[in-house]
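The values are calculated or read from the model by the stated rules, or taken from the named source; none is laboratory data. What you see is a predicted model, and the numbers here were worked out from it, not measured in a lab. FYI the Cβ positions are ideal-geometry reconstructions off the backbone, even for glycines, and counts take in every protein chain you see.
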Amino acid sequence: MLNEFVNCVRQDCVIGNKSFLFQDLPDLIVRKMYNRKDYEEIIKIIIKVKNRFIAERANANPDKPLA
């Protein structure tokens, strides 16, 4: 299921080669109509990705506060 979700993100949400917008993910999830269990797993992964991104951004720019 997660591989299917990743492939959907790659097809529908990718900008450039490797990046995507988090704002596009809710629409994708609604369109695909995932069941409750799959939805909860997807949300856990998205939260982990978001937190990792924020941590890496903070480490890359320690002098700049995160807004």
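Of everything in the range 39-67 that is more than 19 Å from Phe20 (Cβ to Cβ) and acidic (Asp, Glu), the residue that is surrounded by the most Cβ atoms within 10 Å (Cβ to Cβ) is Glu40.
So which residues in the range 35-63 are more than 23 Å from Ile15 (Cβ to Cβ) and either charged (D, E, K, R) or part of a loop (DSSP other than H, G, I, E, B) (or both), if there are any at all? Passing the criteria: Asn35, Arg36, Lys37, Asp38, Glu40, Glu41, Lys44, Pro62, Asp63.
Restricting the range 1-20 to residues that are loosely packed, with under 10 Cβ neighbours inside 10 Å and on the phi < 0 side of the Ramachandran plot, the residue that is modelled with the highest pLDDT is Asn3.
Among the residues of the range 1-46, those that are hydrophobic (A, V, I, L, M, F, W, C) and touching a residue at least 24 places away in the same chain (Cβ under 8 Å) comprise Met1, Leu2, Phe5, Cys8, Phe22, Ile42, Ile45, Ile46.
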